[in-house]
1. Sort largest first and round to whole Å: the equivalent ellipsoid semi-axes of the range 1-41, each the square root of five times a Cα gyration tensor eigenvalue.
2. Please give me the summed charge of the neighbours of Thr52: other residues whose Cβ is under 11 Å from its Cβ, Lys and Arg +1, Asp and Glu -1.
3. Compute the length gained on full extension between Phe62 and Gln116: take 0.36 nm times their separation in residues and subtract their Cα-Cα distance, giving the result in nm to one decimal.
4. Can you list residues whose amide H is under 5 Å from Leu85's amide H, if they're 5+ apart or on another chain and H is modeled 1.01 Å from N?
5. When only Cα pairs under 8 Å and 6 or more residues apart are kept, what is the percent relative contact order across the chain?
6. Once the other residues with Cβ under 15 Å from the Cβ of Val117 are scored (Lys, Arg +1; Asp, Glu -1), what is the net sum?
7. Let me spell out the model: positive unit charges on the Cβ of Lys and Arg, negative unit charges on the Cβ of Asp and Glu, origin at the Cα centre of the chain. What dipole size does that give, in debye rounded to 20?
8. Let me check I have the definition right: for the chain, take the eigenvalues of the Cα gyration tensor, multiply each by 5, take square roots. What are those semi-axes in whole Å, largest first?
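Just so it is clear, none of the values below were taken in a lab; they were calculated from the coordinates. What you see is a predicted model, and the numbers here were worked out from it, not measured in a lab. Neighbour counts run over all protein chains shown; Cβ positions are idealised from the backbone, glycine included.
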Amino acid sequence: QVQLVESGGGLVQPGGSLRLSCAASGSLLKINVMGWYRQAPGNQRELVATITSGGNINYADFVKGRFAISRENVKNTVYLQMNSLKPEDTAVYYCHVRGVRRGSPFEFDAWGQGTQVSVSS
């Protein structure tokens, strides 16, 4: 099995910063894509940013220039540095990992438990 442990959420004022972390562990052979999604109350879960094992990055338009995704392949960890936060960034942020387990030829998708990010004065 694969476990994802997220950390770093919290309450911050508009214009502030937070850094989210997500560490993957378990019977991992390879992680292909790591990313962050978010879901605000009443809304569907939406992509925030993804990063591949080769370092290719994709951002949602609404975070370009404010958020930065990075990963440490050795630690199987992905980070999301969030700057210039806005009240509309308030949501539960979920870590997502797509990869291959040891002993299996198929890709898996795993989700973290979610971490609350609240932006309010």
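1. Working: eigenvalues 141, 23, 19 Å².
Semi-axes, largest first: 27, 11, 10 Å.
2. Details: positive: Arg71, Arg98; negative: none.
Local charge sum for Thr52: +2.
3. Working: separation 54, 0.36 × 54 = 19.44 nm, distance 1.84 nm.
Extra length available between Phe62 and Gln116 comes to 17.6 nm.
4. Gly15, Gly16
5. Details: 301 pairs, mean separation 43.7, N = 121.
Dividing the mean separation by the residue count of the chain yields 36 percent.
6. On the way: positive: Arg19, Arg38, Arg45, Arg66, Lys86; negative: Glu6, Glu46, Glu88, Asp89.
Taking every other residue near Val117 into account, the sum is +1.
7. On the way: 12 positive and 8 negative charges, 55 e Å.
For this selection, approximately 260 debye.
8. Details: eigenvalues 135, 37, 30 Å².
Its equivalent ellipsoid spans semi-axes of 26, 14, 12 Å.
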